[in-house]
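Input: a single structure, listed below in C-alpha cells.
The values are calculated or read from the model by the stated rules, or taken from the named source; none is laboratory data. All values derive from a computational prediction rather than experimental measurement. Here the Cβ positions follow ideal geometry from the backbone for every residue, glycine too, while neighbour counts run over all protein chains shown.
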Amino acid sequence: MKRTDLDEWKLLMEQLYKLFSPDMLDSWAKESGWIKRKRKLDAYSFLHILLYHCGNLAGSSLRELSLSLEETCHISMTPEAINQRLNKELIVFLKKCLEHFIQVELNYQLPISDELRKFCERIRIIDATIHSLPSDLKETFPGVYRAELKCQLEYEFLTGQFILADWMNGKENDSLYGKNRLETVSPGDLFLQDLGYFHLPTFQKIDESGGYFVSRVRPDCSIYTGNPNPRYHADGRVVKSSFYQKESLAEHLEQMERGSVREWEEVYVGYDYKFPTRLILYRHTEEQDKSDQYKRKHSRYQTKEHVRALDGATIIMTNLPDTIPAEKVMDLYRLRWQIELLFKGWKSNFPTTFYKQIKEERVLCHFFAHLLLFLITTTTTYQARLFLLEKSRIEISIQKGISVALRFIRLMFESIKKYTKLTNGVLKRFHGALCKHALKTKGPPEKDPLIILGANYS
C-alpha cells in the first residue's frame with residue numbers, strides 16, 4: 001500500500017510518543033528516584049502539565065498547576081504537595097528525558113550540493129544563551145552582573161537534530177566547554193562556531209579526527225606566515241625565531257577594497273601555538289561599517305587600539321580545502337546565525353522572567369522543562385519544515401513554526417495515544433496552521449540557507 005503524506009507526518013509523532021510513552025517515562029522517573037512507589041502524580045501526568053502550561057513551572061502559581069492537574073488528568077493534589085514534587089529528583093528525571101530525546105531518529109534531511117557532500121556529512125552549530133535568575137541565586141549561579149544560567153546548545157543543521165544540551169552558571173567559559181564535544185567528532189562533521197569557542201587545541205583535534213571547522217579568529221590573535229628567507233645557524237639548522245614572519249592584517253586591510261576578500265592558503269595562528277590553517281580576510285562594506293560603529297558605540301567593552309584597527313573586517317579560519325572558494329566558506333559561516341534564530345524562538349515563546357523569589361529546585365525544574373518542550377517543538381517544526389519543502393515546495397519559518405507547534409503539541413500527544421482518526425485530524429490542522437501562519441518571509445538570496453547549501457527547492 002502506498003504511504004500517504006499524512007502517514008509520513010505520523011511517523012515523527014509516533015517516534016516521539018514511543019519515546020515519551022507512559023511506561024518509558026515511569027521507568028526513567030523510578031531510575032531518577034522521583035517516583036519511589038505508586039503515587040497520584042505519575043510521570044506521564046506530569047508531562048501533561050508541562051504541555052498544558054508550556055513548561056512554565058515557575059511563572060505559573062502552584063495553585064494554577066494544581067487546578068490544571070485536576071482539570072486535565074483528574075488528579076487532586078494540594079499546591080504544597082506539588083511544590084514538594086518540584087525537587088532535585090525531578091531535575092534528574094527531566095535531564096534523563098533530554099538525554100533520550102537527543103537520540104531520537106529523524107526522517108528528513110536537507111540535501112546539499114555534491115561539492116559540499118564530498119566533505120560534509122553533518123553541519124554542527126553550537127552557541128550559548130543566557131537566562132537571568134532570581135537575585136538570591138547569585139551565589140549558586142553567578143553571572144557577570146547578576147544570577148545567570150547559561151545554556152549550551154548544539155544542533156545538526158541538515159536534520160534539526162540536537163546533539164548537545166547542557167546548563168552551567170553564567171561565568172563558565174565557552175571555549176573550554178567546547179572541548180566536551182571532541183569525543184563525538186566523526187569524519188565529515190563540519191563545525192560552525194562563534195568567537196566564544198575559539199580554542200586552537202580544539203581545532204587541531206577536530207582536524208585530526210577527520211572533521212572540518214569554520215570559525216572567526218580573535219582580532220588580537222597573532223598571525224604568522226612562513227618566512228621564505230629564514231636565518232641559519234653555523235651548522236645549517238634554521239634559527240627557530242626566524243622560521244615565521246608576523247603578518248599585520250590591519251595593513252592588508254587598508255589595501256583592500258570594501259566588500260573584497262583576501263585569502264592565505266596557510267598561515268600559523270597563535271603566538272605560542274602556531275596552528276597551521278587557511279585564513280580568509282573580508283573587508284566590510286560601508287553599510288556594514290555603520291552597523292559595526294553603532295554596536296561599538298553601545299558596547300560596554302573597551303577594545304585595544306590594535307584590535308580596533310580590525311573593526312572593519314571579518315577574519316575566518318578553516319581547514320576546508322581550497323576547492324571550496326573563500327566566498328562559499330563565508331556563506332557557510334553565515335549558517336551559524338540559524339542557532340540565534342532558534343534562541344530567539346525560545347525566548348519569545350517560553351518567557352523566563354521571574355517576578356518573585358522561589359526555591360532553587362523549582363527554578364531548575366522550570367528551565368529543564370522549558371528546554372525539553374523547546375527541543376520537542378523545535379524538532380517537530382524542523383522536520384515538518386523539511387517535509388513541506390520536499391513534498392510541497394513550501395518553506396516555513398522556524399520561529400513562527402515553533403509558536404504554532406506549541407499550540408498543537410499537547411493535542412498531538414493526546415491523539416496518538418487514544419484515537420488514530422483523531423490523530424489524522426490534528427495533524428491536518430497542524431499542517432494547515434503551518435502553511436497559513438508560519439510561512440517564511442523571503443530575505444536576501446545570499447543569506448538564504450537553502451541557496452548556500454545548494455538545496456534550493458524553488
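Residue 41 satisfies every condition listed in (1) surrounded by 14 or more Cβ atoms within 10 Å (Cβ to Cβ); (2) at pLDDT 85 or above; (3) over 31 Å from the mean Cα position of the chain (by Cα); (4) in a loop (DSSP other than H, G, I, E, B) except (2). Looking across the range 67-90, the residues that are of a type in the set (Asp, Glu) and either modelled with pLDDT of 90 or more or outside the structural domain of residue 38 (by TED's automatic domain parsing) (or both) come down to 80, 89.
Report the residue count in the range 221-253 for those that are loosely packed, with under 11 Cβ neighbours inside 10 Å and not hydroxyl-bearing (Ser, Thr, Tyr). Break it down into steps so the answer makes sense when it comes.
Of the range 221-253, the ones loosely packed, with under 11 Cβ neighbours inside 10 Å are 228-229, 232-237, 240-241, 251.
Checking the rest, the ones that are also not hydroxyl-bearing (Ser, Thr, Tyr) come to 228-229, 233-237, 240, 251.
Matching residues across the range 221-253 total 9.
For residue 130, state whether it is without any contact (Cβ under 8 Å) to a residue 60 or more places away in the chain and either on the phi > 0 side of the Ramachandran plot or of a type in the set (Val, Ile, Thr) (or both). Against the criterion (without any contact (Cβ under 8 Å) to a residue 60 or more places away in the chain and either on the phi > 0 side of the Ramachandran plot or of a type in the set (Val, Ile, Thr) (or both)), residue 130 qualifies.
Residues in the range 321-336 that are part of a loop (DSSP other than H, G, I, E, B) and surrounded by fewer than 20 Cβ atoms within 10 Å (Cβ to Cβ): 321, 322, 323, 325, 335. If you go through the range 52-67 and keep only what is in a helix (DSSP H, G or I) and surrounded by 19 or more Cβ atoms within 10 Å (Cβ to Cβ), you end up with 65, 66.
Find the residue count for the range 254-265, including only residues that are loosely packed, with under 15 Cβ neighbours inside 10 Å and either touching a residue at least 12 places away in the same chain (Cβ under 8 Å) or not in a helix (DSSP H, G or I) (or both).
Within the range 254-265, the first condition is being loosely packed, with under 15 Cβ neighbours inside 10 Å, and the residues that meet it are 254-255, 257-260, 265.
Cutting the leftovers down to either touching a residue at least 12 places away in the same chain (Cβ under 8 Å) or not in a helix (DSSP H, G or I) (or both) gives us 255, 257-260, 265.
Selection size over the range 254-265: 6.
Quick check on my filter: what residues within the range 174-215 are out of contact with any strand residue (DSSP E or B) (no Cβ under 8 Å at 6 or more places or on another chain) and in contact (Cβ under 8 Å) with a residue 40 or more places away in the chain? Of everything in the range 174-215, those that are out of contact with any strand residue (DSSP E or B) (no Cβ under 8 Å at 6 or more places or on another chain) and in contact (Cβ under 8 Å) with a residue 40 or more places away in the chain turn out to be 187, 201. Of the residues making up the range 142-173, just one is of a type in the set (A, V, I, L, M, F, W, C), more than 17 Å from the chain's Cα centre (by Cα) and part of a strand (DSSP E or B), namely 147. Of the residues making up the range 164-188, just one is modelled with pLDDT of 90 or more and either within 22 Å of residue 398 (Cβ to Cβ) or among the hydrophobic types (A, V, I, L, M, F, W, C) (or both), namely 185. For residues that are over 18 Å from residue 164 (Cα atoms) and among the hydrophobic types (A, V, I, L, M, F, W, C), scanning just the range 199-236, find the one that is modelled with the lowest pLDDT. Applying the filter and picking the extreme gives 234.
The residue list 394, 339, 315 contains one member that is surrounded by fewer than 20 Cβ atoms within 10 Å (Cβ to Cβ), at pLDDT 80 or above, among the β-branched types (Val, Ile, Thr) and touching a strand residue (DSSP E or B) at 6+ places or on another chain (Cβ under 8 Å), which is 394.
So which of 108, 177 ends up being outside any loop (DSSP other than H, G, I, E, B), surrounded by 16 or more Cβ atoms within 10 Å (Cβ to Cβ) and either within 19 Å of the chain's Cα centre (by Cα) or not basic (Lys, Arg) (or both)? I'd like the intermediate steps shown before the answer.
Numbers: 108 fails: outside any loop (DSSP other than H, G, I, E, B).
On inspection, the qualifying residue turns out to be 177.
One line per residue, one yes/no per condition, for (1) over 30 Å from residue 266 (Cα atoms); (2) touching a helix residue (DSSP H, G or I) at 6+ places or on another chain (Cβ under 7 Å):
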| site | (1), (2) |
| --- | --- |
| 327 | no, no |
| 330 | no, no |
| 335 | no, yes |
| 358 | yes, no |
| 367 | yes, no |
| 370 | yes, no |
| 400 | yes, yes |
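Within the range 190-205, if we keep just the residues that are surrounded by 22 or more Cβ atoms within 10 Å (Cβ to Cβ) and not hydroxyl-bearing (Ser, Thr, Tyr), the residue that is farthest from residue 158 (Cα to Cα) turns out to be 203. Filtering the range 416-448 to residues that are crowded, with 18+ Cβ neighbours inside 10 Å, modelled with pLDDT of 70 or more and either in contact with a strand residue (DSSP E or B) (Cβ under 7 Å, 6 or more places away or on another chain) or not charged (D, E, K, R) (or both) leaves 426, 427, 430, 431, 434, 438.
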